[in-house]
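Below is one structure, written out as structure tokens, with a few remarks after it.
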Amino acid sequence: MTDYLVRFDSHPEPIEVQTGALLVEAARRGGVEIRQPCGGQGRCGRCAVLIESGQVRRRSVLRLSKADLEAGYALACQTVVEGDVAVVVPPAEQIQRRLTTDHVAPEAVVPEGYDPARVQTVRRILLELSAPSMDDQTDDWGRLCTALRRATGVTRLDTTLEQIRRLGPVLRASEWRIAVTIDTGRDPNGAAHLIRVEPATVAEGAPLCGLAIDVGTTTVTVWLIDLLTGRVQFQAGEYNGQISRGEDVISRIIYGSKNDGGEELRGLVLETINTLVDSACSRTGIDATAIAKATVSGNSTMMHLLLGIPPESIRLEPFITPINHMPPLRASDVGITMNADGIVDPLPGVASYVGADITAGVLSSGLRSSPETALFIDVGTNGEMVLGSSEWLVTCACSAGPAFEGAGVLHGMRADIGAIEEVWIDGRTYEPTSRVIGDVAPRGICGSGLISLVAEMFLTGILDKGGHINQTLATPRVRRGLHGAEYVLAWSKETETGDDIVITRVDIDNLLRAKAAIYAGFNVLADRVGVPLDSAERVLIGGSFGKYINVEKAVDIGLLPDMPWERFDFLGNTSVRGAYLALLDREARAEITEIASSMTYIELSADNSFYEAFTSALFLPHTDLSRFPSVAAAMT
Amino acid sequence: MPIDIPMDNWPGSVKTVTLGATSDQGGTRSSTVTIGGDQSLPFMHFEKPTANRPVIAMEIAPARPAEWSPVLLETWSEVVDDPGAWANACEEAGADLIVLQFGLKGAGDEPIAADLATSAVKTVLGATGLPLVVLGPGQAEIDNAILVPIADETKGERLVLGLCEDGNYRTIVASAMANDHLVLGRTPMDVNLAKQLNILMTDMGLPLDRIVMDPTTGALGYGIEYGYSVMERLRLAALQGDAMTQLPMMVNPGFETWKTKESKVGEGVPEAWGEWTERGVNWETLTAVSLIEAGANVVVLRHPDSLKRVRAAIDDLMAFETV
């Protein structure tokens, strides 16, 4: 008996179905492939199709936005045929990134109208010096300074003994036609700093570069930037070499205060940074001496360890940093691979546990661009959060651990090629489908993959609200392993490593603690300011746990507050992005200083409501389910 | 001049839970015990009458508990070698409930075998008509191994089975549900954790009126303040209408006080500590009465003299109602 005809764009013949049939049934009958990673439960949104014409009834529109619906999208697994219908099945890759709740970090974009001559502190000037003679007995240095002043108005120039030693030969070899690279510094009226003198012929057309560096407790990120165009030439990230000496800032400080621990930690993080710089240079063909300046962001402990400043007082009451606002430093003193006379500019922090990563993050997140209240969260090993607007900023920090960066989790990894970054689980068979960065055999799970995995395990009943794996389920994927109960996400034959990729009870506990700390942090923050959390018109999310976040899943596990999804913006690594902006623009750099000075810091260890908020958040999604109405709805 | 006593009018109340079942109700108990139903903070009789008075459970073991204080073993004398006789002695001493507590080890070094555990429970049920609470040692594997057959073999008795804990509740809850029993959930002195365990257990379909919660406490001088305030906050949350905290509370001052040095050791201690037995009984009594004030619906005791003193204190607290 035929009631209606369904026509798929990819299929020559119309398919006959009865009233009440689902689109996926029609597709199956006609051999049209529509993927249903969640098992046809309307949760994953991957079966979205376009209804070109005809009458259908959408049983569920979860994961489709208003715009999607207006455009004619429907979930094939949830849509009932009620007339002759014409359907377009979009290619899978088109579906992957257009889901309403997926928020992908934006690419680094050169600020509009970037003009190095106007905003950049690093400048390379071609100078033609008058040659000395018996009538003009000015010394080489005076000759250089005079020419520079005439060309740029710079009246004071700092230098080093080594540069002066090299000056005479270079001037003569270049026949007095030179390129001078200087840094004019944070203060336009202050002294400029000489970075390099080279023959003009060599400099012409040669690159002039800078670095934006984010030193995270778990992950170090380096961007190589062409200062002439402002473009990011290369981005690289790697786990901080200090991890093996402690996973969080406290254990690093303790390690650093023993014997030569501080020097060892400094060496380890420098090695990580320099390896990244080396690979950036070799991949782009740029010589490290062309790197004239680096801006460095990171939490206060990382900054102190990198600079070899003893950080013990950060750990001990009353939790004071040796220094929040560092002066510019000489590259060779810091030890970063770049021009030895280049400038390293450590960005300013606020307090022991709110560092430059947050001031830079506030800048790059645009939190201050609007008078509306917004919440900025940096999901890292330390979860830092800022509530505020263009008028005010309040901040706090809590220790989340490295789980969201893929560390401290058995098969965790950085968001890199081979990392599982999204997971769907079929609620009937408990079989997973996953997406791997680079479309290769998986090696591990990155932070966004872990969020996604825990959410799916929870919604399909593999995890109870306490995060315990239900071992009574009839699936070989749930089993007992060395670390207790575990769920097998990928069998050994599917993985690059040849081992099963699993998530264990211990991993889940780590993730739960991490998400609970972060959720508790912004609850306490909002309470202290005296505003309801949902008064935040925007939620700006930074962090290096992945290139994207699925907001719905982060809400499902109670990491993010249950708010309309469109309020969330995922910005990726906001810290390195802030360092990048500060590298390019003197005013952006000044704004970070202003942000650092104007932020009010709340010390959570002095706030006894934090622990209470933490234990109540140590549940999926939260002990108080009424805070998560959308999750409650998804569970029924 | 008449004084208006300010009164709280609470929107919530504690669930009423009945332990044990008579033959009419599918069990073999001669009477049942009903706890909970509180509509105000403890003994605020002028606000709401106390629905059910706090009850006293006496703890016994399936075999002589060698680790118990010599004071207790001497007091109970030979009955400690026979759980039936011991239960009987407790009933005669005036207990409302019996708690049969299994330890980590049976007669030898191994955990008690499931069939022996079951027959110990049957012995106790045969010897006393009081409702019974059966607790495993609190180690998941042993608890599950002994409680499942016990639950099966005593279907309909409305025993209270424990321990349900955050990491191990499924098996016990499932067998309690299948056999008309109740469960005891224990959490380590935290309001949120107590609430979370109740959510997990009710998510399995267990009705709230079949759960008793043990929020854990400490003995006087050993953290009772912390336990007290957690119980007080649980009770306040219940009265404020938070459903997942609206369960009667059972705490174990007997276990907590008799493990302290003051109660357990009689020799080589300062003379100022006073007479050993009196000290232990006072310790247990004061801890129990404090916890009853905090909202405990069941206190588990070990010494028969403590039972009498706590009973007298409860009588006093309840008598106030008629003033």
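The values are calculated or read from the model by the stated rules, or taken from the named source; none is laboratory data. Computed from a predicted structure; not experimentally measured. Glycine gets a Cβ as well: all are built from the backbone with ideal geometry, and neighbour counts include every protein chain shown.
Within segment B:151-164, if we keep just the residues that are under 18 Å from B:VAL298 (Cβ atoms) and at pLDDT 95 or above, the residue that is nearest to the other protein chains (Cβ to nearest Cβ) turns out to be B:CYS164. Answer yes or no: is there a residue in segment B:301-317 that is over 14 Å from B:GLY94 (Cβ atoms) and surrounded by fewer than 24 Cβ atoms within 10 Å (Cβ to Cβ). Yes, segment B:301-317 contains a residue that is over 14 Å from B:GLY94 (Cβ atoms) and surrounded by fewer than 24 Cβ atoms within 10 Å (Cβ to Cβ).
Does A:SER434 fit the bill of being more than 14 Å from every other protein chain (Cβ to nearest Cβ), touching a residue at least 40 places away in the same chain (Cβ under 8 Å), within 26 Å of A:MET599 (Cα to Cα) and of a type outside the set (A, V, I, L, M)? So A:SER434 fails the test. I'd like to check something: does segment A:6-16 contain any residue that is under 21 Å from A:TRP565 (Cα atoms), over 30 Å from the mean Cα position of the chain (by Cα) and touching a residue at least 24 places away in the same chain (Cβ under 8 Å)? Scanning segment A:6-16 turns up no residue that is under 21 Å from A:TRP565 (Cα atoms), over 30 Å from the mean Cα position of the chain (by Cα) and touching a residue at least 24 places away in the same chain (Cβ under 8 Å). Filtering segment B:242-276 to residues that are surrounded by 16 or more Cβ atoms within 10 Å (Cβ to Cβ) and within 14 Å of another protein chain (Cβ to nearest Cβ) leaves B:ASP242, B:MET244, B:THR245.
The rows are residues; the columns are (1) of a type in the set (Gly, Ala, Ser); (2) more than 25 Å from A:PHE404 (Cβ to Cβ); (3) modelled with pLDDT of 95 or more.
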site	(1), (2), (3)
A:ALA179	yes, yes, yes
A:LEU208	no, yes, yes
A:ILE213	no, no, yes
A:SER244	yes, no, no
A:SER251	yes, no, no
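B:ASP209 meets all of the listed conditions (1) in a helix (DSSP H, G or I); (2) among the acidic types (Asp, Glu); (3) buried (at least 18 other Cβ atoms within 10 Å of the Cβ) but one, namely (3).
Matching residues to (1) of a type in the set (A, V, I, L, M, F, W, C); (2) without any contact (Cβ under 8 Å) to a residue 60 or more places away in the chain:
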residue: B:VAL17; (1), (2): yes, no
residue: B:GLY26; (1), (2): no, no
residue: B:SER30; (1), (2): no, no
residue: B:ASP38; (1), (2): no, no
residue: B:LYS48; (1), (2): no, yes
residue: B:PRO65; (1), (2): no, yes
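For segment B:171-200, the set of residues classified as more than 10 Å from every other protein chain (Cβ to nearest Cβ) and either more than 22 Å from A:GLY461 (Cα to Cα) or in contact with a Gly (Cβ under 6 Å, 6 or more places away or on another chain) (or both) consists of B:ASN179, B:ASP180, B:HIS181, B:LEU182, B:VAL183, B:LEU184, B:ARG186, B:THR187, B:PRO188, B:MET189, listed by residue number. Checked against (1) within 11 Å of chain A (Cβ to nearest Cβ); (2) crowded, with 21+ Cβ neighbours inside 10 Å; (3) closer than 19 Å to A:GLN471 by Cβ, B:GLY167 meets all criteria but (2). For A:ALA633, the stated conditions hold: it is among the hydrophobic types (A, V, I, L, M, F, W, C), modelled with pLDDT under 90 and part of a helix (DSSP H, G or I). For segment B:212-258, what are the residues that are in a loop (DSSP other than H, G, I, E, B) and either without any contact (Cβ under 8 Å) to a residue 12 or more places away in the chain or closer than 17 Å to B:ALA194 by Cβ (or both)? Once the filter is applied, which keeps residues that are in a loop (DSSP other than H, G, I, E, B) and either without any contact (Cβ under 8 Å) to a residue 12 or more places away in the chain or closer than 17 Å to B:ALA194 by Cβ (or both), segment B:212-258 yields B:PRO215, B:THR216, B:THR217, B:GLY218, B:GLY223, B:GLN240, B:GLY241, B:ASP242, B:GLN246, B:LEU247, B:PRO248, B:ASN252. Return the residues of segment A:600-630 that are under 30 Å from A:PRO346 (Cα atoms) and either not in a loop (DSSP other than H, G, I, E, B) or not assigned by TED's automatic domain parsing to the domain that holds A:SER364 (or both); say none if nothing qualifies. If the condition is that a residue be under 30 Å from A:PRO346 (Cα atoms) and either not in a loop (DSSP other than H, G, I, E, B) or not assigned by TED's automatic domain parsing to the domain that holds A:SER364 (or both), then A:THR600, A:TYR601, A:ILE602, A:LEU604, A:SER605, A:ALA606 are the ones that fit.
Comparison of A:SER597, A:SER575 shows that the only residue that is part of a helix (DSSP H, G or I), modelled with pLDDT of 90 or more and in contact with a strand residue (DSSP E or B) (Cβ under 6 Å, 6 or more places away or on another chain) is A:SER575.
Annotation: of all residues in segment A:601-629 being buried (at least 16 other Cβ atoms within 10 Å of the Cβ) and of a type in the set (S, T, N, Q), the one that is nearest to B:THR202 (Cα to Cα) is A:THR623.
In this structure, does A:ILE508 turn out to be within 14 Å of chain B (Cβ to nearest Cβ), out of contact with any Gly (no Cβ under 9 Å at 6 or more places or on another chain) and surrounded by 21 or more Cβ atoms within 10 Å (Cβ to Cβ)? The answer is no for A:ILE508. Scanning segment A:223-246 for residues that are within 13 Å of A:SER544 (Cβ to Cβ) and among the aliphatic types (A, V, I, L, M) turns up just one, A:ALA236. When you look at A:GLU238, is it charged (D, E, K, R), in a strand (DSSP E or B) and in contact (Cβ under 8 Å) with a residue 60 or more places away in the chain, yes or no? Spelling it out, A:GLU238 is indeed charged (D, E, K, R), in a strand (DSSP E or B) and in contact (Cβ under 8 Å) with a residue 60 or more places away in the chain. Taking (1) in a helix (DSSP H, G or I); (2) within 18 Å of the chain's Cα centre (by Cα) in turn, A:ASP333 satisfies each apart from (2).
Let's see how each residue does on (1) in a loop (DSSP other than H, G, I, E, B); (2) more than 19 Å from A:LYS547 (Cα to Cα):
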| site | (1), (2) |
| --- | --- |
| A:VAL394 | no, yes |
| A:ALA397 | no, yes |
| A:VAL409 | yes, no |
| A:ALA415 | yes, no |
| A:GLU421 | no, no |
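If you go through segment A:617-629 and keep only what is facing another protein chain (nearest Cβ under 8 Å) and in contact (Cβ under 8 Å) with a residue 24 or more places away in the chain, you end up with A:LEU618, A:PHE619. Whether a residue is away from every other protein chain (no Cβ under 14 Å) and within 26 Å of B:PRO42 (Cα to Cα) was assessed, and B:VAL212 passes this test. Against the definition (touching a strand residue (DSSP E or B) at 6+ places or on another chain (Cβ under 7 Å), assigned by TED's automatic domain parsing to the domain that holds A:VAL232 and either within 21 Å of A:GLY230 (Cα to Cα) or surrounded by 22 or more Cβ atoms within 10 Å (Cβ to Cβ) (or both)), how does A:VAL180 come out, yes or no? The answer is no for A:VAL180. Of the candidates A:VAL454, A:VAL502, the single residue that is assigned by TED's automatic domain parsing to the domain that holds A:ALA407, over 20 Å from A:CYS396 (Cβ atoms), under 22 Å from the mean Cα position of the chain (by Cα) and at pLDDT 95 or above is A:VAL454.
Under the condition of being touching a helix residue (DSSP H, G or I) at 6+ places or on another chain (Cβ under 7 Å), away from chain B (no Cβ under 14 Å) and assigned to a strand (DSSP E or B), the residues counted in segment A:443-482 number 1.
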